[in-house]
Every structure is written in C-alpha cells, then in structure tokens.
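For reference, the structure discussed in these notes is given below.
The values are calculated or read from the model by the stated rules, or taken from the named source; none is laboratory data. Owing to the predicted nature of the structure, the values given are computational and were not obtained by experimental measurement. In this analysis, Cβ positions are derived from the backbone assuming ideal geometry, glycine residues included, and neighbour counts consider all displayed protein chains.
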Amino acid sequence: MGFVLWEGSHGRGGAYAATYMQGFSSNLLLGEGADGTAPSADHASLVARELTGGKWGNYIFSYKPGAKGKAGNIAAFALTVRTVKWQKHQAILFTDQTGVIRWTTKNRAQTAKDEPIDSLPGL
C-alpha cells in the first residue's frame, strides 16, 4: 500500500522537506516527472507514479497539506488510503506529519485520534 512508499514524515515526506526546504509537499505529485526529467519540488520521485493520480488499484489516496507558515513552508499534512467502495471490516488508513499510521473500519473521515496500526487485529 501507499504508506509503505510514503513512510510518514520520517521517510519520504521528511526526505522531501530536507531536500527542497519547503516543509511538506503542497500536493501528491511526488512521483516521477516525464521521462528524462530531473527530480524537482513538483516531481520529486519519492513515491510510486501510480500514487500521484490519487487512485491505485482498488484504493483511493487522499493527501491534504496543512496551511503554509509565515516562511511559506507546510508543516503538516494528512494522507488517507481507503478502498474505492467502502466495505464493512475493511481498514481505512491515515497518517500525518507525526509518521504514525492509524486505522479505522468505520465509513467516516479518519483522524489522528484513530487507533495506531499496531493495534490492528491480525497484524
């Protein structure tokens, strides 16, 4: 899933912030640019190209950046992954700048108050 490729602020998101000195990205366009295009703040090649369209297989990826600070940096984000069609008992995942992956099976917006992934039964 996408979180393996994103890895919260401690992985890909943090790499973006350190490389481009802009905090977190303003969008999910962190995949590869056009063939031969060097990585940039717009196409940093940090996540799989399939994720940048917002849908991969049977999953929808939703990325929401936080507000820009005085210096123009984005200090927060929220990333959710859910199935295209909600199914009872199907985990919906959430992460933010803390790097903690959270889950719920409820058909609602995910939040930082949901349970951490290590509490997911069968994991």
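Odds and ends about this structure:
- Filtered by the rule that a residue be touching a strand residue (DSSP E or B) at 6+ places or on another chain (Cβ under 7 Å) and either assigned to a loop (DSSP other than H, G, I, E, B) or modelled with pLDDT under 75 (or both), the range 31-68 gives Glu50, Leu51, Gly54, Asn58, Gly66.
- When the range 69-105 is limited to residues that are out of contact with any strand residue (DSSP E or B) (no Cβ under 7 Å at 6 or more places or on another chain) and hydrophobic (A, V, I, L, M, F, W, C), the one that is farthest from Thr19 (Cα to Cα) turns out to be Trp86.
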